[in-house]
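Bear in mind these aren't lab numbers, they're just calculated from the coordinates by the rules spelled out. Remember, predicted model here, so these are calculated numbers, not experimental data. Virtual Cβ from ideal backbone geometry, glycine too; neighbours counted across all protein chains shown.
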Amino acid sequence: MNLLALVDCDNFYASCERVFRPDLKKIPIVVLSNNDGCVIARSKEAKSMGIGMGVPWFKIKRAYLAQGGRVFSSNFALYGDLSNRVMHVLSGMSQSMEIYSIDEAFLGLHHLQDPRDAYAFGIHCRSTVHQWVGVPVRIGIAPTKTLAKVASHIAKKRNGGTGVACLHTAGQIKRALRDIPAHEVWGVGRQLSSQLNELGVISAFDLSEVDISLIRKKFSVVLERTVRELRGEPCLEIQEKNAPKKQIIVSRSFKTRINNQEELKPLISNFAARAAEKLRNEKQKCSKVSVLIATSPFEKTSQYRGFASFQFSTPTNDTRSILLGATKALNDSFKGNYIYAKAGVLLSSFSCQEVEQQSLFQDMRDGLLLQPSAELMQCIDLLNQEQQQIYFASQHPESFARVQTKMMSPRYTTNWHELPTAS
């Protein structure tokens, strides 16, 4: 029997904050979104206090801090680097690996001769990641991805357990599925489970026993694969190469509201420049840039949500062209007499940067008469990675200060000036 493991970092953002702060080990921790708007991550202790995901910070601030909780602005430089370190350790544990998200990865366990060795492997893997990186993980092991998700769920629910759960016998799988509601199965959710409940499918075990032809007829081939996976039939292979992204978005809410286009322009330029950098990192080009601007739905003011796009005649990843397109899209989407609370730039219609598809009728308006320069963009990216920030004329460096990061921890692993110190 071939097995695979799902390695999932526990409360990842909160755990990252504890790596260099052991004094916070048992302290409730929440991490906030950009501009410290709402809660995007919670430690186990914060969850026990009833702190919900996505709750606005101002609503819980007083009561939470009064109970001794700690709060951090999001530190994505730290989280991203520690994620890379976790994945690097895991890559040495198996010959096949799929990075599923910033805090999850699937490992193929084909190298194990005996399925009974899987649990010991999980214990070794978990202790190695914690010792080498400092981030706790839980591990679910099973014959399929969906069952590995179930095993990970079991490992999470076991208080005081080892953090590893292994399902490799028919008996273990049946007992596990009987205790899990259908809506908690990977890819099902509450809306789909309500339809399944009407058919008498309440638990994950019920779902695994349902007639395949009925599922295919009334639902979809996606749910059919889920049912087969619950039965131990692998339908989802490990994808060792991540599929290329289909779009990139950079957006942000503003703590200080904006009501004129001149203030929005440098922000849109900042977002467009960042999106272009991400695009080149993905080794892609885009044919469309879009701009979104919106008022706050939580305020008693006139509501407006503007969205406009600009289509390039030839795919590009040159920041200068993307800035020009974003400016034109902003002009088309902006309306006066509104107080804006959020804006963003979206890049889409991607193609590989190695393929050059020219237009027979190149549009003179799209700015591509500026000769694209891969060398210039590479130089700018390199300087920015070395903390020597390069700005384009339409950007406004001070506008980055609009992001509230007053409670952000140091970037311990990525900034020379913020290295941890010992006293």
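Cα-based values for the range 18-144, radius of gyration first and Dmax second, are 17.4, 55 Å.
Of all beta bridges that DSSP places with both ends in the chain, some 85 percent have antiparallel geometry. Label-to-label distance, V55 versus Y100, with points set 7 angstrom from Cα along the beta-carbon direction: 2.8 nm.
Under 14 Å from a label point set 7 Å out along the Cα-to-Cβ vector of D381, the amide N atoms of the range 308-336 belong to 316-320. A crude spin-label estimate for the pair I390 and R411, with each label 7 Å from Cα along the Cβ direction, gives 1.7 nm. All C-alpha pair distances within the range 12-78, sorted into 5 Å bins from zero, spread as 4, 19, 34, 26, 15, 3 percent across the bins. In this calculation the C-beta distance from K217 to K241 is compared with R0 = 51 Å, giving a FRET efficiency of 0.90.
Fully extending the segment from A374 to E184, taken as 0.36 nm per residue of separation minus the present Cα-Cα distance, adds 63.7 nm. The largest-to-smallest principal axis extents of the Cα set in the chain are 66, 60, 46 Å. By the count of other C-beta atoms within 10 Å, a proxy for reagent exposure, F307, F350, F312, F298 are ordered fewest to most as F298, F307, F350, F312.
Oblate is the label for the range 114-255, because the ratio a/c of its alpha-carbon gyration tensor axes (a ≥ b ≥ c) is 1.5 or higher and a/b is not greater than b/c. Partner lysines whose Cα lies under 23 Å from the Cα of K328, excluding those fewer than 8 positions away in the same chain, are identified as K246, K265, K278, K285, K288, K342.
Among beta bridges from DSSP that stay inside the range 1-95, the antiparallel ones total about 50%.
Can you compute the charge dipole magnitude of the range 19-119 about its Cα centre, using +1 on each Lys and Arg Cβ and -1 on each Asp and Glu Cβ, nothing else charged? Give it in debye, rounded to the nearest 20.
700 debye
At an R0 of 35 angstrom, the distance between the Cβ atoms of K300 and L419 translates into a FRET efficiency of 0.15.
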